[in-house]
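**Student:** Starting off with a structure, shown below.
The values are calculated or read from the model by the stated rules, or taken from the named source; none is laboratory data. Every value quoted in this text rests on a predicted model; they were computed, and no experiment measured them. Here the Cβ positions follow ideal geometry from the backbone for every residue, glycine too, while neighbour counts run over all protein chains shown. Heads up: the accessible areas ignore ligands, DNA and RNA and are worked out on the full protein's heavy atoms, side chains in. Shrake-Rupley method; radii C 1.70, N 1.55, O 1.52, S 1.80 Å.
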Amino acid sequence: MTENNSTEDSGLQESFLSHLYELRDRIIKSALAIIAVFLCLVYWAPDIFHLFAQPLLLALPAGGKMIVTDVTGSFFVPMKVTMLVAFLIALPVVMYQLWAFIAPGLYQHERKLIVPLVVSSYSLFIFGMAFAYFLVFPTVFGFMASYNAPLGAEMSTDIDNYLSFAMTTFLAFGITFEVPVVVVVLVRMGLVPLAKLKEIRPYVIVGAFVISAVVTPPDVLSQLLLAVPMSLLYELGLLVARFYVPKPTDDDTDAASGADTQASV
């Protein structure tokens with residue numbers, strides 16, 4: 001009896017260690033992919049940062065420039081932006097490594113769902129960032145610049161502060177655009193019924209405006225630019241989720257028919 005227990009414990013320990021080793025290898029491969037892309041882009045780091053800051057530069061008045069208040073800011077900020085771009089480019093590799101790690105523990109029908117979820121999540125996150133870059137940034141920066149003109153204030157932004165603002169905004173809109181995926185997963189996994197999600201629609205809309213008020217600058221325009229897409233994306237998720245409602249199994253059907261028979265008796 002003791003030998004069997006020790007053998008089982010040894011097997012569980014070996015299995016746990018093998019999973020740790022595999023996870024380590026997956027993380028190393030993901031990191032190498034990001035570093036490889038970063039090394040390919042690092043030569044163009046100043047150009048990448050200039051493109052990254054283009055929405056703000058276009059909103060600055062004639063002769064306006066961005067400033068550097070940190071001694072090392074002119075070097076590290078472009079490096080951070082380049083690393084962000086490298087991560088986005090290498091993100092499919094990172095997602096593949098994650099999928100390869102968890103795939104052996106999934107059922108066949110769950111594996112079929114992983115690939116569409118990964119592709120849609122990545123695409124929607126990129127779309128969210130693009131929405132922020134091409135629409136939100138020009139609108140917000142132009143709106144803010146119009147306030148400086150009557151005051152006679154010079155609009156100069158530190159590049160590190162701009163990076164922090166842009167990263168927060170990119171993350172907010174990237175996550176916001178994942179709303180349809182979240183809705184589909186909740187319905188497909190049977191965690192929340194589709195009817196319930198439709199029922200709480202008014203609360204979701206209110207929550208969207210509350211979240212936008214927290215993560216965006218304190219002006220109505222930028223809040224609307226986040227809250228309205230979030231609400232529309234929730235509606236899109238409800239439409240798509242109709243095709244992923246889990247079908248009742250044979251056991252569920254038998255249980256339901258049994259309950260009906262008992263009720264009739």
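**Student:** Pairs only if they're at least six apart or on different chains, beta carbon under 6 angstrom, first in the range 188-203 and exposed (fewer than 11 other Cβ atoms within 10 Å of the Cβ), second at pLDDT below 85; list them, first residue then second.
**Tutor:** The qualifying pairs are GLY190/PRO246.
**Student:** OK, next. Read through the list (1) surrounded by 12 or more Cβ atoms within 10 Å (Cβ to Cβ); (2) at pLDDT 85 or above; (3) within 25 Å of LEU117 (Cβ to Cβ), then give the number of the only condition that ILE28 fails.
**Tutor:** Condition not satisfied by ILE28: (1).
**Student:** Considering each residue of the range 212-236, count those that are open to solvent by 40 Å² or more (accessible area, probe 1.4 Å) and part of a helix (DSSP H, G or I), and give that number.
**Tutor:** Within the range 212-236, the first condition is being open to solvent by 40 Å² or more (accessible area, probe 1.4 Å), and the residues that meet it are 213-215, 218, 220-221, 223-224, 228, 232, 235-236.
From the residues that got through so far, the ones that are part of a helix (DSSP H, G or I) too are 213-215, 220-221, 223-224, 228, 232, 235-236.
Going through the range 212-236 one residue at a time, the tally reaches 11.
**Student:** Hey, does the range 94-106 have a residue that's within 15 Å of the chain's Cα centre (by Cα) and assigned to a helix (DSSP H, G or I)?
**Tutor:** Taking the range 94-106 as the starting set, the residues that turn out to be within 15 Å of the chain's Cα centre (by Cα) are 94-95.
Filter again for assigned to a helix (DSSP H, G or I), leaving 94-95.
Yes.
**Student:** Run down LEU39, LEU57 and say which single residue is in contact with a helix residue (DSSP H, G or I) (Cβ under 9 Å, 6 or more places away or on another chain), in a helix (DSSP H, G or I) and at pLDDT 90 or above.
**Tutor:** Working: LEU57 fails: at pLDDT 90 or above.
Every option except LEU39 fails the conditions.
**Student:** Just one of SER222, SER212 is under 26 Å from ALA145 (Cβ atoms), among the polar types (S, T, N, Q), at pLDDT below 85 and within 18 Å of the chain's Cα centre (by Cα); which is it?
**Tutor:** Among SER222, SER212, only SER212 is under 26 Å from ALA145 (Cβ atoms), among the polar types (S, T, N, Q), at pLDDT below 85 and within 18 Å of the chain's Cα centre (by Cα).
**Student:** Check GLY64, GLY128 and return the single one that is in contact (Cβ under 8 Å) with a residue 24 or more places away in the chain, in a loop (DSSP other than H, G, I, E, B), open to solvent by less than 40 Å² (accessible area, probe 1.4 Å) and in contact with a helix residue (DSSP H, G or I) (Cβ under 9 Å, 6 or more places away or on another chain).
**Tutor:** Exactly one residue qualifies, and that residue is GLY64.
**Student:** Moving on to the next point. Go through the range 114-125 and count every residue that is open to solvent by less than 40 Å² (accessible area, probe 1.4 Å) and touching a Leu at 6+ places or on another chain (Cβ under 9 Å).
**Tutor:** Qualifying residue count, the range 114-125: 2.
**Student:** Test GLY105 against the criterion of being modelled with pLDDT under 80, surrounded by 13 or more Cβ atoms within 10 Å (Cβ to Cβ) and not aliphatic (A, V, I, L, M), and give yes or no.
**Tutor:** No: the conditions fail for GLY105.
**Student:** Is it the case that LEU163 is closer than 24 Å to VAL42 by Cα and touching a Lys or Arg at 6+ places or on another chain (Cβ under 7 Å)?
**Tutor:** Here the answer is yes, as LEU163 does meet what is asked.
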